[in-house]
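Notes follow once the structure below has been shown.
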Amino acid sequence: MSLFVCPHCAAPLLREAGRYACPNGHSFDLAREGYVHLLPANRKHSKAPGDDKGMVIARNQFLSKGYYAPLRDALCTLALEHTGEQVSVLDSGCGEGYYTAGIYAALTGAGRQVDLAGIDLSKSSVRLAAKRLPQGEFAVASAYHLPVADGSLDLLLNCFSPLALEEFRRVLRPGGLFLYVVPAANHLWELKQVLYDKPYPNQEQDIPYEGFSYVSVVPVDTLLEVAGEDLPHLFQMTPYYWKTPKEGAARLAALHGLTVRAAFRIHVFRRD
């Protein structure tokens, strides 16, 4: 049995050789890399939704060098602390699977029984996630129409991805854990100082959400020494890449390295 359900009729999906299928006759082929496409055509708002291939490659290369390992490790600690012996996990907006794989390794390394899935709008991202973690299930899908059954999850992870609260409430079982990662006020501040003449801090808010109870807000702050090709990779994986003046991009391109603060906040919630 799969964590995924049919995006057309919400019936359970069975994973078979080379495909997923539901009892009502809907079938979805598995790609060679092991992921499945569960985004119906009428829910695609562009020909290639989600992050483009260049952004995905840049982020994968940057994260694979361990720069954001402190965030990954903090998420793993929270997952271990707040879940039981059997854990069903969904990473909504999983990207190329860096944090997904970290949580899977932490939970299974502690002897937990884990069913894990990840979804993302970007086919390029999901392809890499499926290759990174063959033990998981990965699908091209929308956070606003999660192909997951009601009340079926113990842990939902959302890192820098759309906040689909109605869907998150639906798929988490009562008592389930929701980890929501956002940038802190001074995240990548030194990079922004190079790119913009008048940078401004990110807004930080602790917002209570209906159907969830706050457990804590966990800060993760670290200084990074970013040099060589990793610096343009960091730039390309951020939203700044698309809205930076040419002058700012040129200033960054002239640098050989930069000390940058990475600052995150993990908002920890329980499903009521």
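Selection of segment 238-272 for residues being closer than 30 Å to residue 169 by Cβ and at pLDDT below 95 yields 238, 239. Being surrounded by fewer than 20 Cβ atoms within 10 Å (Cβ to Cβ) and of a type in the set (Val, Ile, Thr) holds for only one residue in 119, 57, and it is 57. Taking first residues from segment 64-79 that are under 14 Å from residue 158 (Cβ atoms) and small (Gly, Ala, Ser) and partners that are at pLDDT 95 or above and surrounded by 13 or more Cβ atoms within 10 Å (Cβ to Cβ), the Cβ contacts under 7 Å between residues at least 6 apart in sequence or on separate chains come to 79/103; 79/106; 79/107; 79/155.
Inclusion of residue 100 among residues that are in contact with a strand residue (DSSP E or B) (Cβ under 7 Å, 6 or more places away or on another chain), among the β-branched types (Val, Ile, Thr) and either within 16 Å of residue 157 (Cβ to Cβ) or free of Cβ contacts under 8 Å to residues at least 40 places away in the same chain (or both) is warranted.
Tell me whether segment 204-218 contains one or more residues that are within 20 Å of residue 257 (Cβ to Cβ) and not aliphatic (A, V, I, L, M). Within segment 204-218, none of the residues are within 20 Å of residue 257 (Cβ to Cβ) and not aliphatic (A, V, I, L, M).
The residues of segment 185-202 that are within 17 Å of residue 160 (Cβ to Cβ) and aromatic (Phe, Trp, Tyr) amount to a single one, 189.
The values are calculated or read from the model by the stated rules, or taken from the named source; none is laboratory data. Here the structure is a predicted model, which is why all the values come from computation and not from measurement. As a convention, Cβ positions derive from the backbone with ideal geometry for all residues, glycine included, and neighbour counts pool all protein chains shown.
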